[in-house]
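The values are calculated or read from the model by the stated rules, or taken from the named source; none is laboratory data. Keep in mind that this is a model prediction, so the values were computed, not measured. Please note: Cβ atoms are built from the backbone with ideal geometry, for glycine as well, and neighbour counts cover all protein chains shown. For the accessible areas, the whole protein counts, side chains as well, though only heavy atoms, and no ligand, DNA or RNA atoms are used. Shrake-Rupley method; radii C 1.70, N 1.55, O 1.52, S 1.80 Å.
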Amino acid sequence: MSEFVEIRRRLHQIPEPGFEEFKTQALLLEYIGGLPQERLEVKTWRTGILVRVKGLIGERCLGYRADMDGLPIDEETSYEFRSTHPGYMHACGHDLHMAIGLGVLTEIVREPINDDVLFVFQPAEEGPGGALPMLSSEEFKAWKPDFMMGLHIAPEYPVGTIATKPGILFANTSELFIDLTGKGGHAAYPHRAIDMIVATSSLVMQMQSIVSRNVDPLDSVVVTLGKITGGTKQNIIAERVRLEGTIRSLSADSMADVKARIEALLTGVEAGFNCKAELDYGSNYYQVYNHEEEAERFMNFVQHVEGVELIECTEAMTGEDFGYFLRDIPGLMFWLGVDTPYGLHHAKLEPQEEAIGVAINVVSNYLRHRSS
């Protein structure tokens, strides 16, 4: 597996924003171009790549997806191969995801299976979201698979662990951006201004009641406000304030209900504080819902893989735009143990590279099994 560890390290050094993965795409195409081409067809879509390996029979097409983009994080790892792009890091494991994808691709090219296999290298998973527009593209529609699978690294599980479950695995997620505009003024004359610090403080407290008082206690919803920006100086009443956050839910209906409640609260803030409120939900990701039959079939297979431990995990409130693939195509996603004390999106994330070989073995052999 040293070849794919080396590729992972090269990818780790060039993290790029969504739809700007130009160096990443070039590196992947360079490797793919070095493989035997007899059964390969390659297409690009924006900064993404689609690779189809023709099967021995080719009646069906099985799909595997790997995401490509990095995160705007200053890296703090101990690696000698740290990011060469200041302010960006592969802090969510997409470098491993791509290296694993290339490893599985190599196995399938060297020993073709009965079915065609489509490898999807998808840009912009972290934002603004590449899965939905890729699914709508003519390039993907022409090669749309009958089955789709993907994985995500899991820092909390030991190497050699595969964790998944039938049904919902990841939550519905939505970004949240709110801009409140009033009237600025001198701190000594508050009656002549419309203070957005006060309006924002009220709104923040009201939004804390959404989960506790507007959501079924047996449901799972999270509303987080992670950033507030406003004001210019201690003696100036703030005219504008911006709030940024996320919404997460384990059902699409709950997501709609929470959004409706936020909109109602903003109408009340506008009336109560004589201000203007603007709302933007940014990127929205659909839940990752593993098809029951496909998840059980995969789990039964993994139980018999030597050196691999299967865990039936619980659902998580993380978001993943792979959910859009599973909304349209039967399939599943699973967690891959990488055994590191730092979590996803952390500046010190250092996944254990032995997990790359585990995943290549499991995925390539499962595709072979599923095609037999």
Within the range 205-232, of all residues that are open to solvent by less than 50 Å² (accessible area, probe 1.4 Å) and under 22 Å from the mean Cα position of the chain (by Cα), the one nearest to ILE168 (Cα to Cα) is SER220
For the range 98-128, enumerate the residues that are touching a Cys at 6+ places or on another chain (Cβ under 9 Å), part of a loop (DSSP other than H, G, I, E, B) and within 15 Å of ILE57 (Cβ to Cβ).
ASP115
In the range 174-204, what residues are under 30 Å from HIS152 (Cβ atoms) and open to solvent by 20 Å² or more (accessible area, probe 1.4 Å)?
GLU175, PHE177
Counting only residues that are outside any strand (DSSP E or B) and either touching a helix residue (DSSP H, G or I) at 6+ places or on another chain (Cβ under 8 Å) or under 19 Å from SER283 (Cα atoms) (or both), how many does the range 225-253 have?
7
So, in the range 72-86, exactly how many residues are in contact with an Asp or Glu (Cβ under 6 Å, 6 or more places away or on another chain) and either more than 17 Å from PRO155 (Cα to Cα) or crowded, with 23+ Cβ neighbours inside 10 Å (or both)?
2
Being of a type in the set (Val, Ile, Thr) and within 20 Å of the chain's Cα centre (by Cα) is the filter here; which residues of the range 11-55 pass it?
ILE14, THR24, THR47, ILE49
Residue count, the range 319-349, condition touching a Ser or Thr at 6+ places or on another chain (Cβ under 9 Å), open to solvent by 10 Å² or more (accessible area, probe 1.4 Å) and of a type in the set (Gly, Ala, Ser), comes to 2
Take the range 269-306 and flag every residue that is in a helix (DSSP H, G or I), farther than 30 Å from PHE334 by Cα and either touching a Gly at 6+ places or on another chain (Cβ under 7 Å) or in contact (Cβ under 8 Å) with a residue 24 or more places away in the chain (or both).
VAL269, GLY272, PHE273
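Listed here are the residues, each with its yes/no results for (1) at pLDDT 95 or above; (2) under 30 Å from PRO341 (Cα atoms); (3) not in a strand (DSSP E or B).
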{"residue": "ILE153", "(1), (2), (3)": "yes, yes, no"}
{"residue": "PHE177", "(1), (2), (3)": "yes, no, no"}
{"residue": "LEU180", "(1), (2), (3)": "yes, no, no"}
{"residue": "SER201", "(1), (2), (3)": "yes, no, yes"}
For the range 51-94, name all the residues that are under 20 Å from PRO123 (Cα atoms), β-branched (Val, Ile, Thr) and outside any loop (DSSP other than H, G, I, E, B).
VAL51
Residues located in the range 1-48, provided they are more than 22 Å from SER83 (Cβ to Cβ), open to solvent by less than 60 Å² (accessible area, probe 1.4 Å) and of a type in the set (Val, Ile, Thr)
ILE32
